[in-house]
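Below you'll find the structure, written out as C-alpha cells, and then a few comments.
What follows draws every value from the coordinates through simple rules; no lab data is involved. The model shown is predicted, which means the values in this text are computed figures rather than measured ones. When we count neighbours, we look across all protein chains shown, and the Cβ atoms used for this are built from the backbone with ideal geometry, even at glycine.
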Amino acid sequence: MRRLNSKKSAAIALVEAAYSLLADEAAWLEGVLEAALPVTGNAVFASGMIYSRPPGARSARVQTWKHVGARDHMKRAAREYARKVPTDLERIWLGAGTANTVSQISPESRQLCQSFAAKTGLAADALLLNALDPDGRGASVAMWLPVETELKRDERERWRQLGAHLTAGHRVRRAVASLNSDSTALPCGAEAVVDPTTFHVVDAAGPGKDRKVVETLRDSARRVDRARGNMRTTNPDEALETWWALVRGRWSMLDWFDSDGRRFVLGIPNPPKLGDPRGLTEREHQVATYAALGESGKMIGYRLGISKSTVSNALDGAMHKFGVKTQPQLAGKMRGFARPFNDTNENR
C-alpha cells in the first residue's frame, strides 16, 4: 500500500483559495479543486460537490458538481460511482472532519474502490475531504488516486485542518452573499478593517470596537501574514498550524481591496450556524457540537481558533449542564441537529 505523496508547500495556496470572494460558487469550487491537486501530489483528477439546504428542507442536498483534470468519461464514472454509494456508508463519509482515503474508512469502502478500479481502470482510491457544517451545508472534495493509499496520522490531521478552512471559507461566502450592502457599515459586513502594513485596526463596528477584540484581530492578522509569507515554503506545517480556521469562534480574516487597489484585511463574523443552544453558552454550544461529532479537542481548537484550555472548560461546562460524564453520553444529548446530507440518492 502506497503512502500519499503530499506537497506540503502547496497547502497555504489551498487555504487562500478557500477564502476567495471573487468568483461565483461553481468557479470557487473549481479554484479549490485546482489548488487541492498539487497538495496530493499524485492525484489523477479531482471532483467536488457543494451541498446546499433550501429553506424548510429537512436536510442538505447536492447543488453543484465540478471536476478538474478529468475527461468526460472520468466525470461520468465518478458520478456513477457516487450514485452507487449506500446511504449508510455515505453517512460515514460525510461525517464532520472526515479526511481519509476511501479505502481506509471501512471494509465496504475498500470493496467499492476495488470495484471502481476494476471496472474503469481510472483510479484505485480517493482522498475524501469534507468541508461541511453541522447542518450539512458546505463542500465535499475527492482527489482520485492511482493506487490504494494510506494516510499517516499527521497527514490526516493536516487534511482535517485544510477541511476546516474550506468549511469556514464556504460559510463566509454564503454570509457575505446574503448581506444587504446598504445595511452594513463596513465592507462585506466586517467588524474590523486591519491595515496589513501596520496591523492597526483602521475601522471597526460592533464587537470589533472592543479593546480586547482589537488586539485579538491584530494578532490574528499578523499570524495569517506570517503563514502566507516565506513560512509557507520553509516550514509549511507550521504555516498551516499558525493560520487558524477562525478567530475566537467568530471571525474569519479575509483580504479586501478598496477602489484604489489598497489591500486591507477584514475581520468578518463567521460563526458556525448550530441551531438551538439548549441552554448552553455560545462557546459551550460550539465545542459540544464538534465534540459530539467526534472531533478531538485539538481539532476543535484549530477549527474555532481557541486555546486547548478554552476547549476543555467549555466541554466540561456543557457536560455538567447536561448531567453527563462522557463524550458518547454528550453526543446522545446533542442529537437532533440537522442531518448532514439528503436521505436519498436522488440528487447525486
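Some points to look at:
- Entries of Lys66/Lys152; Lys66/Lys212; Lys212/Lys298; Lys66/Lys273; Lys209/Lys308; Lys7/Lys66 with Cα pairs more than 31 Å apart: Lys66/Lys212
- Between the stretch 31-53 and the stretch 97-134, the alpha-carbon center distance in angstrom: 14
- Checking every one of the chymotrypsin sites (Phe, Trp or Tyr not before Pro) in the stretch 132-230 against DSSP loop status and a limit of 16 other Cβ atoms within 10 Å picks out Phe199.
- Paramagnetic reach from Thr326 (point 7 Å along Cα→Cβ, amide N under 20 Å) across the stretch 264-297: 288-297
- Cα-based shape type of the stretch 209-274, given that a ≥ b ≥ c are square roots of the gyration tensor eigenvalues and the cut on a/c is 1.5: oblate
- Cα gyration tensor category, rounded, prolate or oblate, for the stretch 282-333 with a/c compared to 1.5: prolate
- Amide hydrogen neighbours beyond the local backbone of Asn270, cut-off 5 Å, H modeled: Trp251, Ser252
- When the square roots of the Cα gyration tensor eigenvalues are ordered a ≥ b ≥ c, the ratio a/c for the stretch 2-174 is under 1.5, which makes its shape rounded.
- Close amide H pairs (under 5 Å, H built 1.01 Å from N) link Leu132 with Gly97, Ala139, residues at least 5 positions away or on another chain.
- Alpha carbon centroid spacing (whole Å) that separates the stretch 136-195 from the stretch 206-232: 18
- Note on Val147 and Lys7: with the Förster distance fixed at 22 Å, the Cβ-Cβ geometry gives a FRET efficiency of about 0.80.
- Label-zone membership for the stretch 207-231, site Arg262, 7 angstrom Cα→C-beta point, backbone N under 14 Å: none
- When peptides 46-53, 212-219 are sorted by average Cβ neighbour count within 10 Å, with the highest value leading, the order is 46-53, 212-219.
- In the stretch 193-269, taking the dipole from charged Cβ atoms about the Cα centre, the farthest positive-side position among Phe199, Gly267, Val214 is held by Val214.
- Ranked by how many other beta carbons lie within 10 Å on average, peptides 103-109, 126-132 from highest: 126-132, 103-109
- Point-charge dipole on Cβ atoms (K/R +1, D/E -1) for the chain, about Cα centre, debye to 20: 720
- Sites Thr87 and Ser312 - FRET efficiency at Förster radius 30 Å, r taken between beta-carbons, to 0.05: 0.25
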